[in-house]
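Before any comments, here is the structure.
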Amino acid sequence: MVFLRDTRATSINGDRKGRNACRYMGLEIMMTAEDIDNLPDKIGNIQIEELSHESGTKSIFQDASEARNNAQNRQTQRMEGESDLGVNAGYVVTRWYTHWKIDGQVKKVKVWLADERAKLLAVQVLDNQDYWQIIDRPMYPTAHDWDGTSVTDLTEDKQRARAIAQNLGLKAMIGDLYPNYIYDSNKITNRADLTRMAFNKHIPVESKGENLNTAILPLQKASPNLALLNFIYTSLDISAQKATATPDIQQGIQSEKDRPLGETNLIASRVDTRYSLSAKIFGWSEKTLWQMWYRMYKDNFKEDIDEKVLRIKGLFGPKWRTLKKDNITAVKDPDVFIESKAVNRAKQLEDRQGMIQYMGLAFQEEGTNRRYGLRKLGKLYGMEKDELDRLFPLTLDEREALEENELLNEDKLAPITAEQNHEIHLLEHSKANDTPATRAHLQGHQQAMMIKRTNPEFFPETAEDVPFAPQGNENTIARPQIAPSQVSA
């Protein structure tokens, strides 16, 4: 695919104010007659027979195809015999994004052009007129420049120099295997005896009693400087590794020099630091992608008609859930955050180590919510929610609060009793939707806690009233112990 663009543009949609945005752009594609017939908003009745199969002199579709085939050592199929394929025959069509004046207003449109962009096939007015729904994917962007810098730009000169040195080395090896010779024409009179190669061949020599070693000798020439060649190779490798921040260890190759573990870890951390900037820049386009994904659902997902089905995988088997438009879109668009896996992993390890040290101190304080701390630490260790729910089953107050949240989400009042653990209820009710019933319910729990402090006789003290205390089987009557002699064989 070859992307054709506005040469004056610096990016697809320009800066935040839309300056230096693309005025027109597109690409050449291959379409069949059926694809052309299914185009939206066609211009009149298209006569497929009148369209040309060839790309033409103004097209670079065939040139790009030949370049890819040459790079992969493949033969290029010419398009002269394309018409013999019948309904499978392809036509080179340009899919073009540009501005078009319609009813006196300039609109963003998508058009399809054939016959070297001389034949207009269809014009479609785009739904989104604010910006082009095409995403830039820069890795090393440059200010006020479309192309920026790529990995090939950083390594091209090193690769070319290395290829030149390798080609010279191959020629030198061939030259050593098939060198030039000088021979005495008085001793070897028939030159064809030297040029015609054969096994177990006998060559007549008129030596007249002289030494035969002087009849033919290899031509002396300069030998390649292997030390200099090795220095060039090493310098090019180091330059490429420095330019891309990718040493041998990062490529999965054992380093030629033995390095201690501390130095290896330090190199890996510094490489991640260099990569984090590229990952952050690449994350900008990833963020734009998911914002556009959300925008497309918001604009095109039909209410009460379209639906998506999710398969949620858990410890108890997969669960199927149907999503409508109101389950995906919201009144206020969500914030999108993109973070590199390497950066996230490093942050996770740092948070885990700090959390372990902090919890050792926090758990010494009376009234600490131990269950929350242990569940938080489990998440940092990568445990799934289903695993944490089985490890820390919900308490009676947590289950009761979750059931009350269903009422609060529908703006219905839920009862408050003296036996409830108000600390746990406040924590769980914070997950409910912000409705008048939710705010009144939270205020009720807070008032109950104030009344309990001033009138403790209204609230019988039990173990469950202790904030964040373990609840469940811990408060039941202990089972009688069974002596070993009572156990039957």
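Below are the figures for this structure:
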| quantity | calculated |
| --- | --- |
| Length released on extending from GLU286 to ALA161, taking residue separation times 0.36 nm less the Cα-Cα span | 41.5 nm |
| Region 161-184-region 314-355 distance, computed between alpha-carbon centres (Å) | 60 Å |
| Separation of the TRP100 and ILE216 label points, Cα + 7 Å toward Cβ, nm | 7.7 nm |
| Share of alpha-carbon pairs per 5 Å distance bin for region 1-160, given as whole % | 2, 7, 14, 16, 17, 15, 13, 9, 5, 2, 0, 0 |
| Residue-wise HN-Hα coupling along region 421-438, computed from phi with Karplus coefficients 6.51, -1.76, 1.60 (Hz; x: Gly, Pro) | 8, 5, 5, 5, 5, 4, 5, 6, 5, 5, 8, 6, 5, 7, 10, x, 5, 5 |
| Peptides 111-118, 432-439, 64-71, 361-368 ordered by average Cβ neighbours within 10 Å, highest first | 111-118, 432-439, 64-71, 361-368 |
| Sequence-distant residues sharing a close amide H with TYR140 (under 5 Å, placed H) | THR149 |
| Sorted peptide list for 405-414, 125-134, criterion being average Cβ within 10 angstrom, highest first | 405-414, 125-134 |
| Under the Karplus curve 6.51 cos²θ - 1.76 cosθ + 1.60, θ = phi - 60°, whole-Hz ³J(HN,Hα) for region 100-113, x wherever Gly or Pro sits | 9, 8, 10, 6, x, 10, 7, 10, 7, 9, 10, 10, 10, 10 |
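Each value in this text was obtained by applying a stated rule to the coordinates, not by laboratory testing. Source: prediction; values computed, not measured. A quick note on method: Cβ atoms are made from the backbone with ideal geometry, for glycine too, and the neighbour counts reach across all protein chains shown.
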